[in-house]
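Okay, so here's the structure we're looking at.
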Amino acid sequence: MSEKYSLRKVYGKTLAELGDKYRNIVVLDGDLAKSTKTEIFQKKFPDRFFDIGIAEADLVGTAAGLASCGKIPFVSSFAMFATGKCWEQIRNTIAYSKFNVKIVATHACLSVGEDGASHQNCEDIAIMNVIPNMQIIVPSDDVSTRFFTEEIVSIEGPVYMRLPRNETERIYGEDKQFKFGKAEILKDDGDITIFSMGLMTNIALKAAYILKKEGIKVNIVDILTVKPIDKETILNFLKKTNKAVVCEEHEINGGLTSIISQLSAQYLPSHIESVSIEDKFGKSGKWNELFNEYGLTENNIIKKVKVLQND
């Protein structure tokens, strides 16, 4: 069985390493440092760590103030709190002024598991994507998490990076170099394209393996940067196959399915199916049971691919 990695821990460890290199990095958390793994930075740099407590509006406002003084603030909390409880402050205090604040949220969507619907923000990409000046990254494994934690230090302006609670398998080689704003092509030999995001990329790869044994080949494109979206790569694959399945651990409304469907409608009408959460709140349960409950599975991806194959 393949080794699994906690993307939260990778984020925390990488952040602590960056603290040595960049003296202007400061880290803020909302009373969840143990869970978000920013406690690793806190132990190493206690004078550059600020626990604002359960006061997310203050968390964001303080980060904006520090950014205005030349610091590079990394703000962390659960996705529900980091984007939901302080959306207005993110919009008006950070994004409007283009402040150099990095919001790295953990425990996004169904991967929160037993914490239930109140903590499972499956709308975060939608509500962050609509904010002007906001940039969005969704790593799919430990290697991409480490790379983009390092990369966003040099990306000017506000960034939102989304991480899950649970562990996942490695996809990329340890020395893999990514490019902000570009999707990664994992498979390119099929008649149907799978666009995936975050945890769903590993699941899409497993579905592709099963499909290949049945004689069906698919393309897989990992959308690591959601905003700015890699329009060129997406349209190239839609032109090539004219059929696509979009896989996301997110609400179907406003997420990756909506983004790609909009591109398709605007530039290249295509048949698009979605493996996503279809206008439902989450519920309490183990993350893998919830993925099965909401259809975020290899079997559902295979089903949607076959729908397109028979179209």
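The values are calculated or read from the model by the stated rules, or taken from the named source; none is laboratory data. Everything numeric in this text was worked out from a predicted model, so none of it was measured. For neighbour counting, all protein chains shown are included, and Cβ atoms are generated from backbone atoms with ideal geometry for every residue, glycine included.
Among the residues of the stretch 75-97, is there at least one that is among the acidic types (Asp, Glu), modelled with pLDDT of 95 or more and either touching a strand residue (DSSP E or B) at 6+ places or on another chain (Cβ under 8 Å) or in the same structural domain as GLU248 (by TED's automatic domain parsing) (or both)? Taking every residue of the stretch 75-97 in turn, none turns out to be among the acidic types (Asp, Glu), modelled with pLDDT of 95 or more and either touching a strand residue (DSSP E or B) at 6+ places or on another chain (Cβ under 8 Å) or in the same structural domain as GLU248 (by TED's automatic domain parsing) (or both). Taken together, the criteria exclude TYR172 from residues that are aromatic (Phe, Trp, Tyr), closer than 13 Å to ILE103 by Cβ and either out of contact with any helix residue (DSSP H, G or I) (no Cβ under 7 Å at 6 or more places or on another chain) or modelled with pLDDT of 95 or more (or both). Filtering the stretch 182-195 for residues that are closer than 17 Å to VAL10 by Cβ, touching a helix residue (DSSP H, G or I) at 6+ places or on another chain (Cβ under 7 Å) and assigned to a strand (DSSP E or B) leaves an empty set. Per the listing LYS44, LYS37, the residue uniquely surrounded by fewer than 18 Cβ atoms within 10 Å (Cβ to Cβ) and over 24 Å from ASN92 (Cβ atoms) is LYS44.
Quick grid of which residues meet (1) over 26 Å from GLU167 (Cα atoms); (2) not in a strand (DSSP E or B):
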{"position": "SER2", "(1), (2)": "no, yes"}
{"position": "TYR5", "(1), (2)": "no, no"}
{"position": "GLY19", "(1), (2)": "no, yes"}
{"position": "SER35", "(1), (2)": "no, yes"}
{"position": "PHE50", "(1), (2)": "yes, no"}
{"position": "ALA67", "(1), (2)": "yes, yes"}
{"position": "ALA82", "(1), (2)": "no, yes"}
{"position": "ILE94", "(1), (2)": "yes, yes"}
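Of all residues in the stretch 141-157, none satisfies the criterion of being in contact with a helix residue (DSSP H, G or I) (Cβ under 8 Å, 6 or more places away or on another chain), surrounded by fewer than 17 Cβ atoms within 10 Å (Cβ to Cβ) and assigned to a loop (DSSP other than H, G, I, E, B).
Being under 20 Å from the mean Cα position of the chain (by Cα), modelled with pLDDT of 95 or more and not assigned by TED's automatic domain parsing to the domain that holds GLN135 is a description that applies to ILE223.
Identification of strands (runs of 3 or more DSSP E) wholly contained in the stretch 221-311 with 2 or more residues that are in contact with a strand residue (DSSP E or B) (Cβ under 9 Å, 6 or more places away or on another chain) and farther than 30 Å from GLN177 by Cβ yields 243-251, 271-277.
The single condition among (1) touching a strand residue (DSSP E or B) at 6+ places or on another chain (Cβ under 7 Å); (2) on the phi > 0 side of the Ramachandran plot; (3) buried (at least 18 other Cβ atoms within 10 Å of the Cβ) that TYR11 does not satisfy is (2). Figure legend. Inter-residue proximity from the stretch 96-113: first residues farther than 23 Å from PHE281 by Cβ and of a type in the set (Phe, Trp, Tyr), second residues modelled with pLDDT of 95 or more and not in a loop (DSSP other than H, G, I, E, B), beta-carbon distance below 7 Å, spacing 6+ or different chains. Indicated pairs: PHE99/ALA64; PHE99/ALA67; PHE99/SER68.
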